Amino acid sequence: GDSVTQMEGPVTLSEEAFLTINCTYTATGYPSLFWYVQYPGEGLQLLLKATKADDKGSNKGFEATYRKETTSFHLEKGSVQVSDSAVYFCAPNQGGKLIFGQGTELSVKP
Amino acid sequence: ETGVTQSPTHLIKTRGQQVTLRCSSQSGHNTVSWYQQALGQGPQFIFQYYREEENGRGNFPPRFSGLQFPNYSSELNVNALELDDSALYLCASSLGGGRTDTQYFGPGTRLTVL
């Protein structure tokens, strides 16, 4: 079945460090790809999306490019802040159904 | 513009009881999806409603059921509660039920089954 694999956390970085969170997926069709972020005790917030191959989604300094040939959608940010500490979820949307992995917890230290 | 709202925020039930969770979709959205998120896990798709009809279901037993109303708000009902049903239940609304439609999530309902 369809699935998502994210790099295991927790990931701990110092403020202003470069961030990469790897995400690969398996899907029977041609999904759109999403990154969501979840702050402690809250629901999920959309971070960015890409709907077709080679599209780049971006928001708040975060970027991810839809790589169909490697079925990947890695999240990057050039300089993280303490306020970026949260759990990040990569989620393909297959026919209206979001498929989530286990999430990657990011902790940014001052 | 009001976002997605859910009620109640927290709920405690005992095994065997029934529970109803509610979700109000974002203005202009006609699709509601429900997800279950166990502690430390990613959300799992329960089902989706599009214009009052079920439009896809995940791997959940029939004791999980739902409704969507003409104003596109929705309910999730769970019968015969089990301990493993303890989780955060998330509702998301979207403009449609397709693969490109962004789903916007509510804050969730935390259900504890004792």
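Can you work out the base-10 log of I(q)/I(0) for the protein assembly as shown at q = 0.10, 0.14, 0.15 1/Å, using the Debye formula on its C-alpha atoms alone? Computed log10 I(q)/I(0) values: -0.44, -0.86, -0.98. Taking label points 7 Å from Cα along the Cα-to-Cβ direction, B:Arg15 and A:Ser83 give a separation of 4.6 nm. Projected over every direction and averaged, the convex hull enclosing the alpha-carbon atoms of chain B yields 6.6 nm². Annotation note: chymotrypsin sites (Phe, Trp or Tyr not before Pro) in the stretch A:8-62 located in DSSP loop regions with a Cβ neighbour count of at most 10 within 10 Å are A:Phe18.
The antiparallel fraction among DSSP beta bridges confined to the protein assembly as shown stands at about 90%. Other residues within the sphere of radius under 14 Å centred on the Cβ of A:Gly29, judged by their own Cβ, net out at +3 (K and R +1, D and E -1). A straight Cα-to-Cα reach below 28 Å connects A:Lys77 with the lysines A:Lys49, A:Lys52, A:Lys56, A:Lys60, A:Lys68, A:Lys97, A:Lys109, residues fewer than 8 places away in its own chain not being considered. log10 I(q)/I(0), Debye, Cα-only chain A, no solvent, q = 0.14 Å⁻¹? Once normalised to I(0) and log-transformed, intensities are -0.50. Based on Cα contacts under 8 Å between residues 6+ apart, chain A shows a relative contact order of 37 percent.
None of the figures in this text is laboratory data; all of them are computed from the coordinates on show. Keep in mind that what you see is a predicted model, and the values were worked out from it rather than measured. Cβ atoms come from the backbone with ideal geometry, glycine included; neighbour counts cover every protein chain shown.
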